[in-house]
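Shown next, in structure tokens, is the structure this report addresses.
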Amino acid sequence: MDRPVWAPQGIDLDVPSVSRMYDYYLGGSHNFEVDRETARRAIEAWPGLPKIMQTNRAFMRRAIRFALSEGVTQFLDIGSGIPTFGNVHEVAQAVEPSSRVVYVDNDPVAVAHSEAVLAGNDHAGIVSADFRSPPDVLRSDEVERLLDLERPVALMVVALLHFVEDRDEPDKALAAFFDQLAPGSLLVVSHGCMEGAPARDGGGRLQKVYEEASSPLVIRSKEQILRFFDGWELVEPGLVSLPHWRPDNPPEWEDSAVFTGYAGVGRKVGHLG
């Protein structure tokens, strides 16, 4: 296939990408046919996926507004993906123009497109790095330029941790970030979970689709997700389904699939250990 002008050289156009699949779910245009085909198979296995992604994005917007209400105007968004409409810098800077945002992703397309979107925005930047290597993130030029780690930061790992296997020790990575962030910092998490999902047999088929895309989908229990907040003080209403975290309106949905997964925000009140 012909390489789009926005696609960086060196990436394989025949290998699906989780971030480009997410872009497709949200109605974006920065994805390839291989991403669309894989995403369509994922939707066949779990028909509510696009609505879940939209509900997840709505949670993210509410969490950003909460952070700003708490006086937190610095955001570190890891696994940020392709910056489709309504991303962190747009939401935060619409409320508080001085908000500073650093995106982090290891997908070359996500990084390249972020650079294009953020051109001319002096208060936002993108880092090519991996969540599993906190030093690469925290010591990056963009973090040093944009974020003051002596002041609270909202660490956002939205729809990321279910792509990090236990063998990669996501809890240790979170602890490393925790140790470098100031008291008053926030941890924003959303995570897929089959508990409370509608009775259907698609969970295993969905995981198989992502495994074939070289991005294992790790479905954890609510109790396992809760452990990611070790050291953080959960703010009300705690770890709840996506639509129930501080909703703007009563969460009335036709498709119960949007209750698949959990979301929560924690606050750092001291030093771990």
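Results for (1) crowded, with 18+ Cβ neighbours inside 10 Å; (2) out of contact with any Lys or Arg (no Cβ under 9 Å at 6 or more places or on another chain); (3) touching a residue at least 12 places away in the same chain (Cβ under 8 Å), shown as yes or no for each residue.
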{"position": "Ala67", "(1), (2), (3)": "yes, yes, yes"}
{"position": "Gly71", "(1), (2), (3)": "no, yes, yes"}
{"position": "Gln74", "(1), (2), (3)": "yes, no, yes"}
{"position": "Ser80", "(1), (2), (3)": "yes, yes, yes"}
{"position": "Ala92", "(1), (2), (3)": "yes, no, yes"}
{"position": "Ser98", "(1), (2), (3)": "no, yes, yes"}
{"position": "Val102", "(1), (2), (3)": "yes, no, yes"}
{"position": "Asp105", "(1), (2), (3)": "yes, yes, yes"}
{"position": "Ala116", "(1), (2), (3)": "no, yes, yes"}
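Quick one: is His191 open to solvent by 20 Å² or more (accessible area, probe 1.4 Å) and closer than 26 Å to Val72 by Cβ?
no
Going by the structure shown, is Ala67 within 18 Å of Ala263 (Cα to Cα), within 13 Å of the chain's Cα centre (by Cα) and small (Gly, Ala, Ser)?
No, not satisfied.
Name the residue, out of Arg61, Arg57, that is open to solvent by less than 30 Å² (accessible area, probe 1.4 Å), within 30 Å of Lys268 (Cβ to Cβ), without any contact (Cβ under 8 Å) to a residue 40 or more places away in the chain and not aliphatic (A, V, I, L, M).
Arg57
One line per residue, one yes/no per condition, for (1) of a type outside the set (S, T, N, Q); (2) out of contact with any helix residue (DSSP H, G or I) (no Cβ under 7 Å at 6 or more places or on another chain); (3) at pLDDT 85 or above:
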position: Gly192; (1), (2), (3): yes, no, yes
position: Glu195; (1), (2), (3): yes, no, no
position: Ser214; (1), (2), (3): no, yes, no
position: Leu217; (1), (2), (3): yes, no, yes
position: Lys222; (1), (2), (3): yes, yes, yes
position: Pro243; (1), (2), (3): yes, no, yes
position: Arg246; (1), (2), (3): yes, no, yes
position: Val258; (1), (2), (3): yes, no, no
position: Gly266; (1), (2), (3): yes, no, yes
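Could you run through segment 23-35 and say how many residues are open to solvent by 20 Å² or more (accessible area, probe 1.4 Å) and within 12 Å of Ala213 (Cβ to Cβ)? Walk me through how you get there before you give the answer.
Restricting attention to segment 23-35, the residues satisfying the condition of being open to solvent by 20 Å² or more (accessible area, probe 1.4 Å) are 24, 26-30, 33-34.
From what's left, within 12 Å of Ala213 (Cβ to Cβ): 34.
Residues meeting the conditions: 1.
Among Leu239, Leu226, which is the only one that is at pLDDT 90 or above, open to solvent by less than 30 Å² (accessible area, probe 1.4 Å) and either among the charged types (D, E, K, R) or within 18 Å of the chain's Cα centre (by Cα) (or both)?
Leu239
Need the failing condition index for Ser140 against (1) at pLDDT below 95; (2) in contact with a strand residue (DSSP E or B) (Cβ under 6 Å, 6 or more places away or on another chain), just the number.
(1)
Which of the residues that make up segment 129-141 are under 20 Å from Leu161 (Cβ atoms) and without any contact (Cβ under 8 Å) to a residue 60 or more places away in the chain?
Ala129, Asp130, Phe131, Arg132, Ser133, Pro134, Pro135, Asp136, Leu138
Give segment 127-153 a look and list any residue that's aliphatic (A, V, I, L, M) and out of contact with any His (no Cβ under 9 Å at 6 or more places or on another chain), or say none.
Val127, Ala129, Val137, Leu138, Val143, Leu147, Leu149, Val153
Go through the residues of segment 126-136 one by one and say whether even a single one is in contact with a helix residue (DSSP H, G or I) (Cβ under 9 Å, 6 or more places away or on another chain), modelled with pLDDT of 95 or more, part of a helix (DSSP H, G or I) and loosely packed, with under 15 Cβ neighbours inside 10 Å.
Yes, there is a match, as at least one residue in segment 126-136 is in contact with a helix residue (DSSP H, G or I) (Cβ under 9 Å, 6 or more places away or on another chain), modelled with pLDDT of 95 or more, part of a helix (DSSP H, G or I) and loosely packed, with under 15 Cβ neighbours inside 10 Å.
The values are calculated or read from the model by the stated rules, or taken from the named source; none is laboratory data. Just so we're clear, the structure is a prediction, and the values are computed from it rather than from any experiment. Reconstructed Cβ throughout: ideal geometry from the backbone, glycine too, with neighbour counts over all protein chains shown. Please note that ligands, DNA and RNA were not included when accessible areas were found on the heavy atoms of the full protein model with its side chains. Shrake-Rupley method; radii C 1.70, N 1.55, O 1.52, S 1.80 Å.
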